[in-house]
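S.K.: After the structure tokens below, expect a handful of questions from me.
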Amino acid sequence: MFAYYLQLGLRSLRRNPILTALMVLGIALGIGASMTTLTVFYLMGSDPIPWKSSKLHYVQLDNWSPDEGAGSDGRPPDQVTYRDAVALMTAGKADRQAAMYKISLPVQPENPDVKPFMALGRATYSDFFAMFEPPFAYGQPWGRDQDAQHARVIVLSHDTNETLFGGVDSVGKTVRMDGVDYTVVGVLAKWELRIKYYDLTNGAFNNPEEFFLPFTTAIETKRRSTGNNSCWRSPGAGWEAYLDSDCVWIQMWVELDSPARVEEYMAYLNSYVEEQKKLGRFPRPLNNRLPDVKQWMADQEVVSRDVEVQVGLAFAFLVVCLINTIGLLLAKFTRRAGEIGLRRALGASRRQVFMQFLIESGVVGLSGGLIGLVLTGLGLVAVRSLYRQYANVTHLDWAMVMTTIALAILAAILAGLYPTWRACRVQPAAQLKM
């Protein structure tokens with residue numbers, strides 16, 4: 001019976017091509033606008049590492065000035081000091097832990113055909129790779145013993161290895177950066193992150209770094225951070241004074257495998273800060289936090305209020321399109337009152353008439369959805385060209401493709417409910433007398 005109703009619906013749509021085109025186009029425009037914004041919203045806010053996001057926690061310690069100012073919104077700073085990062089790493093209370101910061105170094109290739117260039121990197125600890133799971137093409141991360149030894153080792157990104165060594169296995173080779181030679185221990189495969197969740201402070205939509213060095217090595221060679229740096233009082237002159245200051249410039253992540261471990265680590269943080277208060281530090285009330293990945297993304301407003309407003313406006317436009325579609329369907333079904341009356345007189349029930357016209361509405365929705373899918377793709381291309389920082393969150397995945405088609409069909413069926421109900425109310429006797 002479904003196939004028969006589908007055949008009737010297609011035949012009816014072909015009978016009025018202009019009206020059909022208007023309905024399909026209306027659905028397509030509404031779907032294209034709403035799904036473009038919804039896709040960006042969905043990809044921005046989706047969990048970047050769902051299998052372990054609840055186990056990864058960002059460390060926040062409130063060492064802001066006691067005066068009103070940087071911390072007046074009640075939140076602790078989004079980074080920690082070098083002193084605190086080293087103390088937490090040395091204590092080793094987490095299952096895994098990694099202090100890190102952003103650096104930039106000039107690369108001096110051995111190949112004369114490759115010009116020197118500046119590369120963005122990350123100084124971190126070996127646990128970083130087990131915590132955030134970047135894929136390796138060659139080699140492996142350095143070990144904890146190399147952290148302790150301040151080893152001159154490096155992990156290259158896929159693209160950096162491509163530039164320096166033509167993409168071959170470069171493990172064991174040497175890379176010179178700012179006059180220092182580093183031995184390659186690993187090369188990453190393509191690491192495509194929608195959200196750079198491990199460093200939201202320096203850009204949620206930035207690409208992963210071009211190289212990775214041991215944190216201890218970067219400190220020993222006095223590599224200053226090229227990321228965010230906040231100081232509520234002067235750090236003093238020189239590198240050692242900077243390291244000993246209350247400036248916050250280090251990101252600190254820990255992996256805790258259970259809620260009980262989270263409670264234990266929070267108790268340790270509170271105890272640590274209380275001890276530091278005795279030394280004259282941490283003048284503000286106790287305000288330590290351990291958000292997991294999703295909470296940290298929410299705190300940092302990865303999905304901005306502007307994006308939420310745009311989604312609302314796009315769906316309001318979809319509603320307007322549906323209202324127009326309701327009017328067009330109502331006009332179309334009303335013009336077919338004679339046909340409906342004849343079918344009823346020949347024995348068709350209201351339920352059968354209802355199903356026939358509802359399937360016809362679904363065909364309109366499916367057609368509009370397929371065109372809307374194309375418009376969504378074009379919309380994402382437009383967003384990507386206008387806002388290059390959103391390049392990682394402007395593509396369709398299968399979930400969004402299926403959502404687009406399902407939403408289009410649902411929207412058309414909802415739009416067709418009232419016109420279909422009106423069609424079912426046609427009295428056969430009145431139409432036969434005419």
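S.K.: Any residue that is surrounded by 20 or more Cβ atoms within 10 Å (Cβ to Cβ), within 26 Å of G143 (Cα to Cα), touching a strand residue (DSSP E or B) at 6+ places or on another chain (Cβ under 8 Å) and of a type in the set (S, T, N, Q) - is there at least one of those in the range 226-239?
M.R.: no
S.K.: Report every pair of residues separated by at least 6 positions or lying on different chains whose Cβ atoms are under 7 Å apart, first residue within the range 242-269 and under 24 Å from Y197 (Cβ atoms), second part of a helix (DSSP H, G or I) and open to solvent by 10 Å² or more (accessible area, probe 1.4 Å).
M.R.: I250/Y82; Q251/T201; L256/V262
S.K.: Here is a check on your reading of the model: is A399 small (G, A, S) and either farther than 26 Å from T325 by Cβ or touching a strand residue (DSSP E or B) at 6+ places or on another chain (Cβ under 9 Å) (or both)? If you could, list the steps in order and put the result at the bottom.
M.R.: Values: small (G, A, S): yes; either farther than 26 Å from T325 by Cβ or touching a strand residue (DSSP E or B) at 6+ places or on another chain (Cβ under 9 Å) (or both): no.
Here the answer is no, as A399 does not meet what is asked.
S.K.: Moving on. Of the numbered conditions (1) surrounded by fewer than 17 Cβ atoms within 10 Å (Cβ to Cβ); (2) under 17 Å from T216 (Cα atoms), R96 fails exactly one; give the number of that condition.
M.R.: (1)
S.K.: When you scan the range 49-70, do you find a residue that is farther than 27 Å from F315 by Cβ and touching a Gly at 6+ places or on another chain (Cβ under 6 Å), even just one?
M.R.: First, the residues of the range 49-70 that are farther than 27 Å from F315 by Cβ: 49, 51-70.
Cutting the leftovers down to touching a Gly at 6+ places or on another chain (Cβ under 6 Å) gives us 64.
There is at least one residue in the range 49-70 that is farther than 27 Å from F315 by Cβ and touching a Gly at 6+ places or on another chain (Cβ under 6 Å).
S.K.: Scan A119, A189 and give me the residue that is among the hydrophobic types (A, V, I, L, M, F, W, C) and within 23 Å of Q79 (Cβ to Cβ).
M.R.: Values: A189 fails: within 23 Å of Q79 (Cβ to Cβ).
Step by step, each of A119, A189 is checked, and only A119 is among the hydrophobic types (A, V, I, L, M, F, W, C) and within 23 Å of Q79 (Cβ to Cβ).
S.K.: Separate question: Of S65, S54, which residue is hydroxyl-bearing (S, T, Y) and open to solvent by less than 40 Å² (accessible area, probe 1.4 Å)?
M.R.: Numbers: S54 fails: open to solvent by less than 40 Å² (accessible area, probe 1.4 Å).
Selected residue: S65, the only one of S65, S54 that is hydroxyl-bearing (S, T, Y) and open to solvent by less than 40 Å² (accessible area, probe 1.4 Å).
S.K.: Regarding A119, is this residue open to solvent by less than 50 Å² (accessible area, probe 1.4 Å), part of a helix (DSSP H, G or I) and at pLDDT 90 or above? Reasoning before the result, please.
M.R.: Values: open to solvent by less than 50 Å² (accessible area, probe 1.4 Å): yes; part of a helix (DSSP H, G or I): no; at pLDDT 90 or above: yes.
No.
S.K.: Now for a separate question. Of all residues in the range 275-327, which are surrounded by 15 or more Cβ atoms within 10 Å (Cβ to Cβ), part of a loop (DSSP other than H, G, I, E, B) and out of contact with any Lys or Arg (no Cβ under 9 Å at 6 or more places or on another chain)?
M.R.: Passing the criteria: F282, R284, N288, L290, P291, Q300, V302, V303.
S.K.: Looking at the range 210-225, which of its residues are open to solvent by 10 Å² or more (accessible area, probe 1.4 Å) and under 18 Å from A119 (Cα atoms)?
M.R.: From the range 210-225, those open to solvent by 10 Å² or more (accessible area, probe 1.4 Å) are 210, 216, 219-225; that's our starting set.
Scanning the range 210-225 gives E210, I219, T221, K222, R223, R224, S225.
S.K.: Out of the range 387-396, which residues are under 16 Å from I195 (Cβ atoms), open to solvent by 40 Å² or more (accessible area, probe 1.4 Å) and outside any helix (DSSP H, G or I)?
M.R.: Of everything in the range 387-396, those that are under 16 Å from I195 (Cβ atoms), open to solvent by 40 Å² or more (accessible area, probe 1.4 Å) and outside any helix (DSSP H, G or I) turn out to be Y387, H395.
S.K.: Okay, next question. Read through the list (1) in contact (Cβ under 8 Å) with a residue 24 or more places away in the chain; (2) farther than 30 Å from W51 by Cα; (3) part of a strand (DSSP E or B), then give the number of the only condition that V114 fails.
M.R.: Tallying (1) in contact (Cβ under 8 Å) with a residue 24 or more places away in the chain; (2) farther than 30 Å from W51 by Cα; (3) part of a strand (DSSP E or B), V114 fails exactly one: (3).
S.K.: Going by the structure shown, is M35 at pLDDT below 80 and touching a helix residue (DSSP H, G or I) at 6+ places or on another chain (Cβ under 9 Å)?
M.R.: So M35 fails the test.
S.K.: Here's a follow-up. Scan the range 137-149 and give yes if some residue there is basic (K, R), surrounded by fewer than 21 Cβ atoms within 10 Å (Cβ to Cβ) and more than 30 Å from the chain's Cα centre (by Cα), otherwise no. Spell out how you get there, then give the answer.
M.R.: Narrowing the range 137-149 to residues basic (K, R): 144.
Restricting the remaining residues to those that are surrounded by fewer than 21 Cβ atoms within 10 Å (Cβ to Cβ) gives 144.
Then keep just the ones that are more than 30 Å from the chain's Cα centre (by Cα); that gives 144.
There is at least one residue in the range 137-149 that is basic (K, R), surrounded by fewer than 21 Cβ atoms within 10 Å (Cβ to Cβ) and more than 30 Å from the chain's Cα centre (by Cα).
S.K.: Considering only residues that are farther than 20 Å from T221 by Cα, open to solvent by 30 Å² or more (accessible area, probe 1.4 Å) and part of a loop (DSSP other than H, G, I, E, B), which ones fall in the range 150-165? Before the answer, list the steps.
M.R.: Narrowing the range 150-165 to residues farther than 20 Å from T221 by Cα: 157-165.
Next cut, open to solvent by 30 Å² or more (accessible area, probe 1.4 Å) only: 158-159, 162-163, 165.
Hits for the range 150-165: nothing passes.
S.K.: If you go through the range 109-118 one residue at a time, do you hit one that is within 24 Å of the chain's Cα centre (by Cα) and among the aliphatic types (A, V, I, L, M)?
M.R.: Initial filter on the range 109-118 (within 24 Å of the chain's Cα centre (by Cα)): none.
No, that holds for no residue.
S.K.: A further question on this structure: Restricted to the range 247-273, and to residues that are aromatic (F, W, Y) and not in a helix (DSSP H, G or I), which residue is surrounded by the fewest Cβ atoms within 10 Å (Cβ to Cβ)? Give the steps one after another, and end with the answer.
M.R.: Going through the range 247-273, the residues aromatic (F, W, Y) turn out to be 249, 253, 265, 268, 272.
Checking which are not in a helix (DSSP H, G or I) leaves us with 249, 253.
On the way: W249: 23, W253: 25.
Checked the range 247-273; the qualifying residue surrounded by the fewest Cβ atoms within 10 Å (Cβ to Cβ) is W249.
The values are calculated or read from the model by the stated rules, or taken from the named source; none is laboratory data. Keep in mind that what you see is a predicted model, and the values were worked out from it rather than measured. No Cβ is skipped: glycine too gets one built from the backbone with ideal geometry, and neighbour counts run over all protein chains shown. Note: accessible area is taken over every heavy atom of the protein model, side chains too, but ligands, DNA and RNA are not part of it. Shrake-Rupley method; radii C 1.70, N 1.55, O 1.52, S 1.80 Å.
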